[in-house]
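Asker: Just passing along the structure, written as structure tokens.
Bear in mind that the values in this text are calculations on the coordinates, not laboratory data. Fair warning: this is a prediction, and the values are worked out from it, not measured in the lab. Heads up, the Cβs are rebuilt from the backbone with ideal geometry, glycines too, and the neighbour counts pull from every protein chain shown.
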């Protein structure tokens, strides 16, 4: 909104960027001259609007220029006499902002609001007048931008500033589009400001507006804003990078020759494609130099291949990988799995004849428009579809990315502005995103769900994925399977991982404070914090004594046989018959064999034969020492009808009420607990050991199934199977 004159930005950018900038600046000079002379319509179109109208018609041939003309005339007459700090007529600013949006393909309503975006704030024009002259849609956009401009950008005001910004953006993303274009023009002309004010504005632009431009997919604005901020906040690095680009500009460009070879290859393959060399902007060059140390000419740009259809993108990829040597590690398919900000392209890299590596982007022309302009390229998201208006009061926005919806939810449910601001800054600071494929049931609870794709910041854990996938339903998550293997919720996810989230019934579990240590996204942290601080309406049964959230007690013994409440037949056991006359028989406690287990025996001191399950590890060890086995068998044909004792191991994810739920499942099968022990938890996993008396050995499979169905339990096995201790398992 304010006036600045000099341009510290990007005078040395190469290729199409320089040409676009020269055209843009010449257009702005014409706008400035026309504004000084006042509105001089020619064929109904003011001189100042000619360049804007030409660019706009290039994207929208049937655009209604009469509306733009009326908006310009109102803005010019309202701002007449106002000057920018550079001395230019103030009208040059809304015209420049409108030109920026027109070049990105914005539709007429957005351009109309852009021309008027400062009138209500800085002139006598009222919102009612805007509504009467241009309709409710333009009035809504002007009002949204005006509200943003009324708030100071000082540090103390930042939380409330951007809370309001997000509210306005969430209701209509075009508000933020106008704001970003407004900031870009002000950054281009920031040189008239004092250095300290330049730095303050540049920092806010860097910390909030550039990340918002990234998330709205407006790469053209983001790239130029980055360069302008770079020049102000890091002048020495900027000068070094600029000198490096200028040095390479005088040399032959290896990408130009490689682009010609690519054109020849694709032409011979019958693929209609446009092959361009796309120069990197200064910040991108600086990042590449930091990452790679030394630069080559091929590092200063990338190849861009534009085709008509999605299928052509893959055809181009096949030809490039066949006729050139590909760098497989550089391949990414953002067409099949678009980025969170609507971006789609195939990314690869190929090696040229001299060994130069050329990063290559392959996309359709429509994908390119969206890659450059993001949501701006998608037009009016509220236009009626098939002649049917949206229900009254609803503004369903198909262009609003999921992250923006999440931010709006955070600002609604987080009353503390400092907490919200910290969360917002943390989220916007994430500059790399991973894609995770969810295979669990969809959040709506429908059966047979096909899963879905979610985007997360690099370094996110299963906790973050759970809240991204299920919202507050993630409170009841108890574990996960990552790429088919059981994993704790603290497990860090990687790009391309397959994830299945395991959840308990809503009354059985809840987040623990330890989850905050593994939560990287604001959505997860805020939801966990709210649950821990508020009343527990779900996932919130009070823990049994000694049970904490997410952890089992270190050791707990159930009532022994001498306890007044113990089962009087708890120690009754089925005895096997040994093929050793006169020998007594004892069932081994290490594996607690029961009918109809395959068993074997070994003679021990006192003429006793100890009976083990045939698969017990002790059997192998005793055989290795030369001990001779003794044949044993279960008596009678109705083996399953005998009472027996068995020891079971239940392995589970830590959660409150686990012990109570397991003992309830055991009791439901008619088994009595002889003893129970719980190992100390490790990485949110815990092992329970139960020695049980079953009235009928035939009921053992049913008992084990019932225990496995307890939420959080991922395995139940007989004692004696070779397994690592819980503390040693991955």
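Asker: Using a cut-off of under 11 Å, list every residue of the stretch 340-374 whose amide N is near the label point 7 Å from the Cα of residue 291 along the Cα-to-beta-carbon line.
Answerer: Backbone N within reach: 359.
Asker: OK, next. Order by neighbour count: 647, 112, 126, fewest other Cβ atoms within 10 Å first, most last. Please report the intermediate quantities before stating the final value.
Answerer: Details: 647 17, 112 28, 126 12.
Ascending number of Cβ neighbours within 10 Å: 126, 647, 112.
Asker: Calculate the translational D of the stretch 643-728 in whole µm² s⁻¹ from Stokes-Einstein, where the hydrodynamic radius comes from the Kirkwood formula applied to all Cα pairs, the temperature is 37 °C and the viscosity 0.692 mPa s. Don't skip to the answer; put the middle values down first.
Answerer: On the way: Rh = 12.9 Å.
Estimated diffusion coefficient is 255 µm²/s.
Asker: Given 0.36 nm per residue, what is the gain on full extension from residue 495 to residue 683 after removing their alpha carbon distance, in nm?
Answerer: Roughly 65.4 nm would be gained on extension.
Asker: With each label point set 7 Å from Cα along the Cα-Cβ vector, what nm distance links residue 256 and residue 194?
Answerer: 4.7
Asker: Can you tell me how much longer the chain between residue 329 and residue 136 gets when fully stretched, taken as 0.36 nm per residue apart minus their C-alpha distance, in nm with one decimal?
Answerer: Going from the current span to full extension adds 64.4 nm.
Asker: OK, next. Report, to one decimal in Å, the Kirkwood hydrodynamic radius for the stretch 190-316 based on all distinct Cα pairs.
Answerer: 16.9
Asker: Then there is this: Kirkwood hydrodynamic radius for the stretch 577-636: how many Å is it when counted over pairs of different Cα atoms?
Answerer: Values: mean 1/r = 0.0876 Å⁻¹.
When all Cα pairs of the stretch 577-636 are included, the Kirkwood radius is 11.4 Å.
Asker: May I ask for the Kirkwood hydrodynamic radius of the stretch 458-528, worked out over all distinct Cα pairs and given in angstroms to one decimal?
Answerer: Result for the stretch 458-528, one decimal place: 11.8 Å.
Asker: Rounded, prolate or oblate: which fits the stretch 252-376 when a ≥ b ≥ c are the square roots of the eigenvalues of the alpha-carbon gyration tensor, with rounded for a/c under 1.5 and prolate only if a/b beats b/c?
Answerer: Judged from the Cα gyration tensor, the stretch 252-376 comes out oblate (a/c at least 1.5, b/c at or above a/b).
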